[in-house]
Amino acid sequence: IKSWVYTCRITRVMGVENLDAALARNKSFIPCYWHQHQIFCARFLLEQTDRLKVAWLISPSVDGELGAMMVRRLGGGVIRGSSSHTGARSLRDYYQALVKDNLSPVITPDGPRGPRFKFKPGAILLGQMSGRPMLPMAYAASRAWLIKWDKFVVPAPFARIVVAIGTPRYVPRVTDAKVLEQMQADMEVELKSLYESAAAALRENS
């Protein structure tokens, strides 16, 4: 996997100053990107080991052991839980990792079962509880295959990659359902815009 991923080249990272701004206030934050953008958003985050420790939620089942082993070998942290079956407990474990362990737990807000490009409220609730910001991310590849229900992006070998990072989004401690719904809609727009910016940067340099 490493050999294949590293044939691809990240030619540009847009919005690095937004990552800097998030880390200037806290040692951890909540990376948010669509499930389809997992590979190279994850790679970029894992390359920031001098500044942050990123973590992923992995199923506590026996099948999850392989995923947990891979994440650890790549230098990431592991939170054992299932967003589908133990949501409240997972939120608690996310909070523990984020605030007490200073891990930055990745949330793919439309995963693992969709609907595609629908920003579920988990990341917002975690941001509200913890006071840590959500950091929206996306990437675009010059050549890629799209697979599975969410058109998961698998870059072809030797593809060029652009990663885009949005501004940190803080959630007020006291808010109401209407505001939370608006934040979900805003994050959906932001993630779409970041992808479009990354894709445009690739076209400019082609």
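The values are calculated or read from the model by the stated rules, or taken from the named source; none is laboratory data. No experiment lies behind these values; they were computed from the predicted model shown. Positions of Cβ are backbone-derived with ideal geometry, glycine not excepted, and every protein chain shown enters the neighbour counts. Heads up: the accessible areas ignore ligands, DNA and RNA and are worked out on the full protein's heavy atoms, side chains in. Shrake-Rupley method; radii C 1.70, N 1.55, O 1.52, S 1.80 Å.
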*asked:* If I ask for residues that are open to solvent by less than 50 Å² (accessible area, probe 1.4 Å) and more than 24 Å from Ala159 (Cα to Cα), which ones from the stretch 20-40 would you list?
replied: Ala21, Ala22, Leu23, Asn26, Ser28, Phe29, Ile30
*strands (runs of 3 or more DSSP E) wholly inside the stretch 103-168 containing at least 2 residues that are closer than 23 Å to Arg203 by Cα and not polar (S, T, N, Q)*: 134-141, 144-147, 152-155, 160-165
_Scan of the stretch 109-119 for residues that are touching a Ser or Thr at 6+ places or on another chain (Cβ under 9 Å) and not small (Gly, Ala, Ser), ordered by number_ = Pro112, Arg113
*Taking only the stretch 132-155 into account, find how many residues are touching a residue at least 24 places away in the same chain (Cβ under 8 Å), among the small types (Gly, Ala, Ser) and more than 17 Å from Glu188 (Cβ to Cβ).*
3
*Yes/no for Arg43 being assigned to a helix (DSSP H, G or I) and either open to solvent by less than 40 Å² (accessible area, probe 1.4 Å) or at pLDDT 95 or above (or both)*: yes
*Please give the number of the condition Trp56 fails out of (1) hydrophobic (A, V, I, L, M, F, W, C); (2) open to solvent by less than 70 Å² (accessible area, probe 1.4 Å); (3) within 30 Å of Asn205 (Cα to Cα).*
(3)
*Which pairs have Cβ atoms under 7 Å, sit 6 or more apart or on different chains, and link a residue in the stretch 32-44 that is farther than 21 Å from Gly127 by Cβ to one that is open to solvent by 10 Å² or more (accessible area, probe 1.4 Å) and assigned to a helix (DSSP H, G or I)?*
Ile39/Val5; Arg43/Val5
*Residue among Leu66, Leu98 that is touching a Lys or Arg at 6+ places or on another chain (Cβ under 8 Å), farther than 25 Å from Ala200 by Cα and in a helix (DSSP H, G or I)*: Leu98
